[in-house]
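**Student:** Have a look at this one before I ask anything.
The values are calculated or read from the model by the stated rules, or taken from the named source; none is laboratory data. Bear in mind that the values here come from a model prediction, so they are computed numbers and not experimental data. Glycine gets a Cβ as well: all are built from the backbone with ideal geometry, and neighbour counts include every protein chain shown. SASA here: full protein model, heavy atoms, side chains in, ligands and nucleic acids out. Shrake-Rupley method; radii C 1.70, N 1.55, O 1.52, S 1.80 Å.
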Amino acid sequence: MAVVLDNPLAVRRAAMDLLARREHGRVELTRKLRKRGAPEDMIETALQRLSEEGLLSEARYLESFVAYRARAGYGPLRIREELGQRGLARGDVDQALRESGIDWFEQLRETWQRKFAGQLPADARERAQQGRFLAYRGYSLDMIGRLLRGCDE
């Protein structure tokens, strides 16, 4: 039986249930509540209250998402793109990436090490393959080039 989100308390409870599982951004939480049938005005009211109470925080969501994706081996370009698709402001995303304290070159090296066992490319084909993989993961071509040339930071 589906829960009916036809009153402010039910909408708030549904939002809190989602936030209890993991941090969410405002846009993402709005989408999920809308999908569950909550009216737009009740969603906005509930999310405003949750923000005021500190239970819904874009900054916390950004910090959590950046750390999670970086641990999974993704670089700043990919993470920026994913957060943009989730409706977060570019300035806030850039600030979260800067303040994350992550050494992106070290992350790149670890990702490369896991995937290619630390073997520098033997020829142009291998270099292209490794470069494509790392670029897909969200690392800049400059960083990839330095790594594959065997240069440290």
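**Student:** Which of the following residues is within 20 Å of residue 84 (Cα to Cα) and out of contact with any Asp or Glu (no Cβ under 6 Å at 6 or more places or on another chain): 63, 52?
**Tutor:** Numbers: 52 fails: within 20 Å of residue 84 (Cα to Cα).
The match here is 63.
**Student:** I'm trying to understand the selection: among the residues of segment 92-115, which are more than 14 Å from residue 61 (Cα to Cα) and open to solvent by 50 Å² or more (accessible area, probe 1.4 Å)?
**Tutor:** Let us first name the residues in segment 92-115 that are more than 14 Å from residue 61 (Cα to Cα), namely 98, 101-115.
Within segment 92-115, 98, 101, 103, 106, 109, 110, 113, 114, 115 meet the criteria.
**Student:** Which residues, taken from segment 116-134, are touching a residue at least 24 places away in the same chain (Cβ under 8 Å) and either among the small types (Gly, Ala, Ser) or open to solvent by less than 60 Å² (accessible area, probe 1.4 Å) (or both)? Break it down stepwise before answering.
**Tutor:** If we filter segment 116-134 for residues that are touching a residue at least 24 places away in the same chain (Cβ under 8 Å), which is where we start, we get 120-121, 134.
Correct list: 121, 134.
**Student:** Looking at (1) outside any loop (DSSP other than H, G, I, E, B); (2) free of Cβ contacts under 8 Å to residues at least 60 places away in the same chain; (3) buried (at least 16 other Cβ atoms within 10 Å of the Cβ), which one does residue 78 not meet, given that it meets all the others?
**Tutor:** For residue 78, the failing item is (2).
**Student:** May I ask you to verify whether residue 148 is surrounded by 11 or more Cβ atoms within 10 Å (Cβ to Cβ) and at pLDDT below 95?
**Tutor:** Numbers: surrounded by 11 or more Cβ atoms within 10 Å (Cβ to Cβ): yes; at pLDDT below 95: yes.
Here the answer is yes, as residue 148 does meet what is asked.
**Student:** On to the next question. Any residue that is touching a Leu at 6+ places or on another chain (Cβ under 9 Å) and not in a helix (DSSP H, G or I) - is there at least one of those in segment 4-15?
**Tutor:** So far as segment 4-15 goes, yes, one or more of its residues are touching a Leu at 6+ places or on another chain (Cβ under 9 Å) and not in a helix (DSSP H, G or I).
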